[in-house]
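Novice: Take a look at this one; I'll ask things after.
Derivation of every value follows stated rules applied to the coordinates shown; laboratory data play no part. Everything quoted here is computed from the prediction, not taken from an experiment.
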Amino acid sequence: MRKQFITLLFLTISATAFCQFPGMGGWGKKGPSLKGKISGTLVDSISGEKISYATVVVKKAGSDKEMNGVLTEEDGSFKIDNIVIGKYDLYLSFLGYDEKMVPAIELTKKKPDLNLENIPLKPANYLLDEVEVTAEKSLIETKVDKIVYNAENDASIAGGDATEVLRKVPLLVVDLDGNVSLRGSQNVRILINGKPSGMFSTNVSDALKMFPADQIKKVEVITSPGAKYDGEGTAGIVNIITKKENIEGVAGSVNASVGTRQNSLFASLNAGKGRFGSSLNGSSFYSIPNDARNTFNRQDFTSAGTRVYDQVGLTESSRLGFNGSLSAFYDFNAYNAINSSFTIRGFTFDLDGRLDASLNDPMNNIMADWMRTTTGNTLNSGYDWSTDYVKKFEDKEGQELSFAYQLSGNQNNQDFLLLQTGNEAFLRDEKQINDGDNLESTYQVDYVHPMSKGFKLETGAKAVIRRIKSNSEYLFPSSPGNGDYSLLDAGRSFLFDYDQDVYAGYASMNFPIGKFQAIAGLRYEATEVKGSSVGTEAGFTNDYENWLPSFTISRGLKNFQSIKLSYTQRIQRPSLQFINPFNNTTDQFNVIVGNPKLDPELTHQVEMNFNTFIKGVGIFSSIYYKRTNDIIESTLIIQNQVSVNSYANVGTNDAVGLNVFSTKSFDNLTIRGGGNIFTYNAQGIINGQELERQSYEYNLFFNGEYNFPKNWKADAFGFFRSPRRTLQGDNPSFSIYGIGVRKDFDKWSLGIRIIEPFNEDKFFDSDIRGEDFIQMSSFGIPFRSFGLNVRYKFGSVDFKERKSKIKNQDLKE
């Protein structure tokens, strides 16, 4: 039934598009000869940048009677058609700009269509002066459906990785391990250039660390995605836009950074001529070895007394990675184009640790001490290949049909060698290997049909086919200490196969309701899951269907204020990181294992946004309510001396939150700050025990920059996040601050960045509790960092950016 539904939707879209070609009739025909159209593009009068989502209204000349109206597109363009021949006044407005009227526009029988080309809007003087406007738009922009952080103009991120960029984006919080949270939830879907990447199928934090900050142009945060977006990502979507662009001409750049924590090299070459263009990018990074100090204490209460397990250790780790991409496009003509790109990536994570452990177990009459050394290597590598074909229509501007295909592959291979000495009962000499492979194919078709009076229809269909394999082996030496791990212990080899197919279709309509603009949509998603786990348990299946409605209504008010109300329903499927049943027994009394039978989370969210300016201070605020069913949380259960760390659908969570972001400029100084506070009201069952917890979480951030004379720029940032709550306890809080200085020359620039200059090391503590145990851990790492960055650019080009239509958003990260 699901496949038939998608097939029917594909055929419907294709038939609709077929009717648009000349001679085939349909909506694409031109209107009556006595009607015309008005078009143009809104631009900032100072910076020349395009103004997206501004309001354009047509009134009868000399009258207050509104005849028609639209919002500008993302590129600032607009078109109002089906206008009867006559004279009109055109009104244009947007938050932070003076309203403008273009009077006495006349459409005649001889010239029924009028293109006003670029129309400049002047920033509102009583809100922001000219310098303040360009400064605001250079770093942070607030649009109708998202917040945009322009990372390319931030001096302090040079030489870092993507986690350092995301830490400075409003609404986002990134912890020490690189896990990304939006409004307190880690159920965030991360895209690269508007499309998914297989690099996020296993471990998001590791994937972000392989992405140099110098490659990132901007970051978009979407809190209430509509029906055209995948239903995945219950907290929202984060879209990372890179500097990879298609161009007219030849240009390139080289960026190099050296520092006490991380070193990187990034190079790009872009070339284009006429209707063809290509881009080539490559980068590498190296994180020098650093030592992490770990402590662990678990007390579980048995009938014979308290059992205590202690660990103290030191682990040295380092990273080496690479990233490369090649893309090309060709425009057959003004209405047909193809775009293709190929990316590869990879990094290795090496560790070498020593740990002293002790166990006092009165139930089994054990008092033992031992020492464990562990050496390990993790390889995370993969590729993405995507190709898009776009068909535009001559008779109707904005009408578009696109077909897209993407193939993604990702490998996550782990190799650990451990040697345990000391107490004879705890001697170990073992090698553990886990090879994880994720291969997915995506097929997608989208159709956009603009209609009169601000109406626009968007519809499409999509299929995602995933094939996941995980192969685990436990090897032992043929004789103690000889280093030959060729013998496989019987019953210690596991093969996990996991297939996940998602079929989806959607329809969305943009339309005005009086002075309001609304978007209403409905998305259908059918998921088919099957898997087998040879060596652990029998096969399993899990199929489900979801109808995901969404609705948003917004309006611009007086004095450049705006208000928006939205409702969305989202789904969150678990990724390989959560479902892989590989049992990591490096620490035999503290193991980690995935849960392949996890159900998806389902979230209902209602959100109201209000934006305003008060005495030159821009304030962007929202209140929201989220109810999440079948929440996925990490769980800890004590079984026969062993802490078993896994994941489970533990219950429900109701959260009410307030989010505020503000910005203010003073001549050459711009400051920004804000925070997010929300409740954690969860109830559920873990290991048969009913649990309930009421608490709250919050995060605060600050960012400021100052433009000095002679092209000097400096900025500073900082944020704090409270501990993350679960039904069983608290995970560590996190904070960070830093400063950066950059000097720009004609073709090159020189910058310095400093992170936590007064804290050489930082420690992070967690506290997890159950009915019969208490477990506390702490780890500390070197944190103070100094870095030097050099950038060089050459060539002169005209840029033309292109993006794929595919946006997979269907895995919990």
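Novice: Tell me which residues come under 5 Å, amide H to amide H, from residue 224 once H is placed; ignore anything under 5 positions away on its chain.
Specialist: Answer set, sorted by chain and number: none.
Novice: Tabulate in residue order the Karplus-calculated ³J(HN,Hα) for the stretch 462-467, using 6.51 cos²θ - 1.76 cosθ + 1.60 with θ = phi - 60°, rounded to whole Hz; enter x for Gly and Pro.
Specialist: Once θ is set to phi - 60°, the couplings for the stretch 462-467 become 7, 9, 10, 10, 10, 10 Hz.
Novice: Once a ≥ b ≥ c are taken as the square roots of the eigenvalues of the Cα gyration tensor of the stretch 310-419, is the result rounded (a/c under 1.5), prolate (a/b larger than b/c) or oblate (a/b not larger than b/c)? Could the numbers behind the result be given before it?
Specialist: Details: a/c = 5.95, a/b = 3.52, b/c = 1.69.
Taking the square roots of the gyration eigenvalues as a ≥ b ≥ c, the stretch 310-419 is prolate.
Novice: Taking only C-alpha pairs under 8 Å that are 6+ residues apart, what is the relative contact order of the stretch 601-659 in percent? Don't skip to the answer; put the middle values down first.
Specialist: Details: 110 pairs, mean separation 20.3, N = 59.
After rounding, I find 34 percent.
Novice: Ordered by residue, what ³J(HN,Hα) values in Hz, to whole numbers, does the stretch 648-663 give under the Karplus form 6.51 cos²θ - 1.76 cosθ + 1.60, where θ = phi - 60° and Gly and Pro are x?
Specialist: Each residue of the stretch 648-663 in turn: 7, 7, 8, x, 10, 9, 10, 10, 10, x, 10, 10, 9, 10, 9, 8 Hz.
Novice: A further question on this structure: What is the distance in Å between the Cα centroid of the stretch 684-759 and that of the stretch 441-458?
Specialist: If we compute the Cα centre of each part, the gap is 38 Å.
Novice: Something else: Rounded to whole Å and sorted largest first, what semi-axes of the equivalent ellipsoid does the C-alpha gyration tensor of the stretch 430-477 yield via the square root of 5 times each eigenvalue?
Specialist: Each semi-axis is √(5λ); the values are 50, 9, 5 Å.
Novice: Now a separate question. What area, in nm² and to one decimal, does the C-alpha convex hull of the stretch 646-793 cast on average over all directions?
Specialist: Working: hull surface 49.9 nm².
Here the figure is 12.5 nm², rounded to one decimal.
Novice: Okay, next question. Taking H as built 1.01 Å from N, whose amide H comes closer than 5 Å to the amide H of residue 557, not counting residues under 5 places away?
Specialist: For residue 557, the qualifying residues are 562, 563.
Novice: Okay, moving on. With θ taken as phi - 60° and the coefficients 6.51, -1.76 and 1.60, list the Karplus ³J(HN,Hα) couplings across the stretch 670-682 in order, rounded to whole Hz; mark glycine and proline as x.
Specialist: 10, 10, 9, x, x, x, 9, 10, 8, 8, 10, 10, 10
Novice: Report, by chain and number, residues whose modeled amide H sits under 5 Å from the one on residue 49, excluding near sequence neighbours (fewer than 5 apart, same chain).
Specialist: 44
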